[in-house]
């Protein structure tokens, strides 16, 4: 850019001598250069200040000599008195002011031509706090930490956590289509979200095609199926679920409190239907193989193990937390990434016989066996207080890799809902000093048992208080394989997860996921083991 030429054109403009050709040249310079626009803006502001000072002086001088704003009387006109010098100056100043005004209008016109109004930046009121294996449809390239404005969000795969500026937290489970409206409202068109609303943001609203859910200070889940059926479930506090009826005078609403669920039908005749509460219907915790360090996520460890040998038990097994009677040749070892390798680890082993599947693990844990989540109250959340979890198949006809996944809507395949696909959670309920087992069936995990008769479990804390041993025996009848248990030569799906908690025994701190199918071992696409069984590694029965 020629700054000298810009200065010349600004001088011509300031003197009121800007020709049409010069105006076009100035317009071109301003259009092509941010620096030119900055200089011109500064000059025009200074020129405006000088113009105001000149006009103020003119008005003050005119007031002292008889204002030129006041028309002369008839007598004054007949008298034809000579004008004073001050009067003449005032007239000249007036003409100068008018000239400046004309030039200002001209420049304003040029400015509008070369610097059209920029659209106002949208208000940003939310942050994409965390993501896991996300594939976005709209916007297509969102990343953790991005600030968000009002508009649609289409999450095709994975999980995402959105934090609004008023501290409302939205956990979004794919596939989901929603729209952020403002800090007080969102619209869920399809999919599932869990909203956590602090007392300072009470009144947050989630709209669906069939209902409006109004928070009363709580944690709640909302689901909209592809056919527009809506499910609302309250985990804590209360909400009001209000039907969207054609007749505004006939709105019906229902107040839900913790432990209650309502289903709003998809038909045109909408009705509220109270149904059984189900902890597993919504994913309430952002679960990735990570540990929280402030706002950062540090991976515990990428998976390195793809298979585990399940060996035949050498004889009777006493379930007491002492593994001296075990055949440990199939044991695997996994340690978390630094700086956690010395304190957080697992040595895992499995055996079998005609009646039982045996599981044993020594788990490095700086705060072992502190789980305070009651199996009689909330077994679905017990994993967060410190636990060992296994996911496995007992049906050889499914083979390996196991192509089963959490079903959505009515897309379930036989293997997706099979009772021979099981999810095991083992934990020690400290208040009652009680070994606990929860079994969930199928990839939808919509049915299960807690501490069923027939299983045996034992936990033993190490003398140094920095690790524990868990040992259990689970009858094949509880694993869907009572009449046809796995046998030597079978290769079936299997994955292990170890969860750690903080000192409270309630707050999940992080996890290690091992025995994974190599294509998914690096947490790539569809890497969540509780959603996709094809991520599971291989159990080889010896």
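The values are calculated or read from the model by the stated rules, or taken from the named source; none is laboratory data. On a predicted model such as this, the values are computed, not experimentally measured, just so you know. Using ideal geometry, Cβ is built from the backbone for each residue, glycine included, and neighbour counts are taken over all protein chains shown.
In region 445-532, which strands (runs of 3 or more DSSP E) lie fully inside it and hold 1 or more residues that are in contact with a helix residue (DSSP H, G or I) (Cβ under 9 Å, 6 or more places away or on another chain) and touching a residue at least 24 places away in the same chain (Cβ under 8 Å)?
Hits in region 445-532: 447-450, 467-475, 491-501, 508-514.
Hey, which of the strands (runs of 3 or more DSSP E) in region 176-262, taking only ones fully inside, have at least 1 residues that are surrounded by fewer than 15 Cβ atoms within 10 Å (Cβ to Cβ)?
Ranges flagged: 230-236, 253-257.
Given the criterion surrounded by 20 or more Cβ atoms within 10 Å (Cβ to Cβ) and more than 26 Å from the chain's Cα centre (by Cα), identify the matching residue among 454, 480.
It is 480.
From 349, 393, which residue is in contact with a strand residue (DSSP E or B) (Cβ under 8 Å, 6 or more places away or on another chain), within 16 Å of residue 440 (Cα to Cα), at pLDDT 95 or above and crowded, with 18+ Cβ neighbours inside 10 Å?
Numbers: 349 fails: within 16 Å of residue 440 (Cα to Cα).
Exactly one residue qualifies, and that residue is 393.
Name the strands (runs of 3 or more DSSP E) wholly inside region 327-427 in which the number of residues that are in contact with a helix residue (DSSP H, G or I) (Cβ under 9 Å, 6 or more places away or on another chain) is 3 or more.
So the answer is 356-364, 387-393.
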